[in-house]
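Report on one structure; see the data block that follows.
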Ligand code: FUB
C-alpha cells in the first residue's frame, strides 16, 4: 500500500518542535529557566507584573510554547502562602524569585529562591508536581539556607548522563558558587563537592553539557548596572576545574543588563538557544527603568566548542 505522506507528516508534527521567527521579548519576567518537556518548550521566570514589585514576587507562573513565539501562560503554579516554612526565619516579609526546574521519572522538581536575603539568610525551597504546569507542592522544608557570607540564591539542577543530579547555587553579595549532589529523591542535598568559584562570577549559575564538554555559565556584574552580562567556563566534569572562556552576552547599549540565563536545545533540529532577561531602554527616567523581560536567541557553537558571542536583539 502506498504511504499517505501528508498523514505521516501530520502525525509527526506534535513531536517536532518548530521555531518560527523569534520576536523578543517572549514574556515578562527575569531569571528565565527555559527547557523542553513532553514536546513543548517551558519557561519559568521570576514572575513580574509591574516594575516596582519585580523583586518582590509572591508566586510563580509557567509559560509553554510549541514554537518559541506563541506562549501560553499557566498558573500560578506555586504561591507563597503554600510554603509552610516560609515564616520560620522570623522576618516580616518574604518573596520568591529565580526558579530552576528538572524532571525525573515523570515528576517535575521546581527550585526557587526565598527572600529576604538580609539580615535573615536567603533560602532555597523545592516543590514537586506531576506536570510541568503544576500544581507544585512544596517539600515542607528549605533545601538550603545561606549564611557565613554565602547567599543561598539562584538554584540550578543539572542531571548528568550517569544519573547524578548536581545542585548549583549562590552569588550576589557573596559572589560564591557552591555545588552539591542531590539525593536520588531530588528534594534533599547529598554530599557537597568543593568547587572553585570561576572568574567574573556574580550569580545565576547554569550548567549544560555537549559531547563531554561541561559549560558553566553565569551572570557577572551588578543586576541593575549596564555591566550585567553572561560569562562562561568549560570543564571535562560538571564540577570543574573550570577553564574561563570570557563573556557570551553583554549589553549592547540598547538592550541593557542582559543576564541570568539558561540554555536549551530544540530536540528535533539540535539547535541550541539562550534565554535571558534584559531591561528595556525606552523609559525617559533612565535606561535601567522598567520591567525585566525575557528574550530568546539562537546560539552557535564553534568547531572548538567555544560559544559565539550573542548580540542581544528583538528578533
Ligand atoms: O531576580 C533577582 C536577582 O536578580 C537574581 O537572584 C539574580 O540572578 C538577578 O537576576
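The values are calculated or read from the model by the stated rules, or taken from the named source; none is laboratory data. Keep in mind the model is a prediction, meaning the values are calculated, not measured. We place every Cβ from the backbone using ideal geometry, glycine too, and count neighbours over all the protein chains shown.
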**Prompt:** Do you know which of the residues in the stretch 227-236 that are more than 18 Å from the chain's Cα centre (by Cα) and assigned to a loop (DSSP other than H, G, I, E, B) is farthest from the ligand (Cβ to nearest atom)?
**Reply:** 236
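Give me the strands (runs of 3 or more DSSP E) completely within the stretch 104-166, filtered to those with at least 2 residues that are farther than 23 Å from residue 36 by Cβ, within 16 Å of the ligand (Cβ to nearest atom) and in contact with a strand residue (DSSP E or B) (Cβ under 6 Å, 6 or more places away or on another chain), ordered by residue number.
On the way: elements: 107-115, 123-129, 156-159.
Qualifying strands (runs of 3 or more DSSP E): 107-115, 123-129.
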**Request:** Hey, can you tell me all the residues within the stretch 192-226 that are within 16 Å of the ligand (Cβ to nearest atom), outside any strand (DSSP E or B) and surrounded by 15 or more Cβ atoms within 10 Å (Cβ to Cβ)?
**Result:** 197, 198, 200, 201, 202, 221, 223, 226
**Message:** When you scan the stretch 117-124, do you find a residue that is touching a helix residue (DSSP H, G or I) at 6+ places or on another chain (Cβ under 6 Å) and at pLDDT below 95, even just one?
**Reply:** yes
**Request:** Look through 149, 174, 90 and report the one residue that is surrounded by fewer than 24 Cβ atoms within 10 Å (Cβ to Cβ), modelled with pLDDT under 95 and touching a helix residue (DSSP H, G or I) at 6+ places or on another chain (Cβ under 6 Å).
**Result:** 149
**Message:** Would you confirm whether or not the stretch 281-304 contains a residue that is over 18 Å from the mean Cα position of the chain (by Cα), assigned to a loop (DSSP other than H, G, I, E, B), more than 21 Å from residue 218 (Cα to Cα) and at pLDDT 85 or above?
**Reply:** yes
**Asked** Restricting the stretch 40-58 to residues that are in a strand (DSSP E or B) and within 14 Å of the ligand (Cβ to nearest atom), which is farthest from residue 294 (Cα to Cα)?
**Response** 57
**Complete:** The lone condition residue 64 fails out of (1) at pLDDT below 95; (2) more than 20 Å from residue 142 (Cα to Cα) is (1)
**Prompt:** In the stretch 251-273, what count of residues is obtained for those that are over 18 Å from the mean Cα position of the chain (by Cα) and within 27 Å of residue 291 (Cα to Cα)?
**Reply:** 6
**Asked** Just checking, how many residues over the stretch 240-258 are within 16 Å of the ligand (Cβ to nearest atom) and at pLDDT below 95?
**Response** 6
**Request:** Count, please, the residues in the stretch 168-191 that happen to be outside any loop (DSSP other than H, G, I, E, B), in contact with a strand residue (DSSP E or B) (Cβ under 9 Å, 6 or more places away or on another chain) and within 16 Å of the ligand (Cβ to nearest atom).
**Result:** 5
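Could you list all residues from the stretch 19-39 that are under 25 Å from residue 228 (Cβ atoms) and assigned to a loop (DSSP other than H, G, I, E, B)? Even if it seems obvious, please write down each step before you answer.
At the first step, the residues of the stretch 19-39 found to be under 25 Å from residue 228 (Cβ atoms) are 22-35.
Of everything in the stretch 19-39, those that are under 25 Å from residue 228 (Cβ atoms) and assigned to a loop (DSSP other than H, G, I, E, B) turn out to be 22, 23, 24, 25, 26, 29.
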**Fill in**
Of the listed residues (95, 71, 85), the one being within 16 Å of the ligand (Cβ to nearest atom) and in contact (Cβ under 8 Å) with a residue 40 or more places away in the chain is 95
**Fill in**
Counting only residues that are in a loop (DSSP other than H, G, I, E, B), in contact with a strand residue (DSSP E or B) (Cβ under 7 Å, 6 or more places away or on another chain) and closer than 23 Å to residue 158 by Cβ, the stretch 237-265 contains a total of 5
